[in-house]
1. Looking only at the stretch 1-41, count every residue that is at pLDDT below 95, exposed (fewer than 13 other Cβ atoms within 10 Å of the Cβ) and in a loop (DSSP other than H, G, I, E, B) and tell me the total.
2. Can you go through 153, 111 and tell me which one is surrounded by 18 or more Cβ atoms within 10 Å (Cβ to Cβ) and more than 13 Å from residue 56 (Cβ to Cβ)?
3. Out of curiosity, is residue 132 closer than 22 Å to residue 14 by Cα and surrounded by 23 or more Cβ atoms within 10 Å (Cβ to Cβ)?
4. Does residue 79 satisfy the criteria of being out of contact with any Phe, Trp or Tyr (no Cβ under 6 Å at 6 or more places or on another chain), exposed (fewer than 13 other Cβ atoms within 10 Å of the Cβ) and polar (S, T, N, Q)?
5. Residue by residue through the stretch 80-100, note down the ones that are modelled with pLDDT of 95 or more and either small (Gly, Ala, Ser) or out of contact with any strand residue (DSSP E or B) (no Cβ under 9 Å at 6 or more places or on another chain) (or both).
Amino acid sequence: MQTAEIYSAEVSIEKQLLRLYSSNNYCKEYRVSTSRFGIGHELNSFKTPTGKFEIEQKIGDGEPLGTVFKGRRTAGIYNFKNQVKEDLILTRILWLNGLENHNKNTFDRYIYIHGTNHLNELGNPHSMGCIRMSNEDIIEVYNFLSLGSKVFIYH
């Protein structure tokens, strides 16, 4: 009997990278953008939390690339030819739940790994607390990670 591969991810805030692992073996890395407000766990701080997390919810199965989410519901398709300043949540959402005392409010803070319309900011901290990825990359990562997959975010 074959066992299913177990995927996990880690995010380096310093390097602005998400690394994907399969059964603890490195697979691939992706450029990301974490919070422009720094690291923290306070409500309404717009900071990226650190520590151990798991994927609590996955949103966007089968939606087309560029799907806009408002309140975690589909709200249209983003036209990538238009540049809007608003920090949109696009394509897929991996909603994080904190597993430690200092980050247990993460789910209530709506901290996600998601696609972005600010592709030029990947590799630099510019988000409002979430972990932004390119839309192609978030689809790939979304397809590997399952509910309960572990995510470790560190400085």
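The values are calculated or read from the model by the stated rules, or taken from the named source; none is laboratory data. Since this is a predicted model, take the numbers as computed values, not measurements. Virtual Cβ from ideal backbone geometry, glycine too; neighbours counted across all protein chains shown.
1. Result for the stretch 1-41: 7.
2. 153
3. Against the criterion (closer than 22 Å to residue 14 by Cα and surrounded by 23 or more Cβ atoms within 10 Å (Cβ to Cβ)), residue 132 qualifies.
4. yes
5. Across the stretch 80-100, the qualifying residue is only 98.
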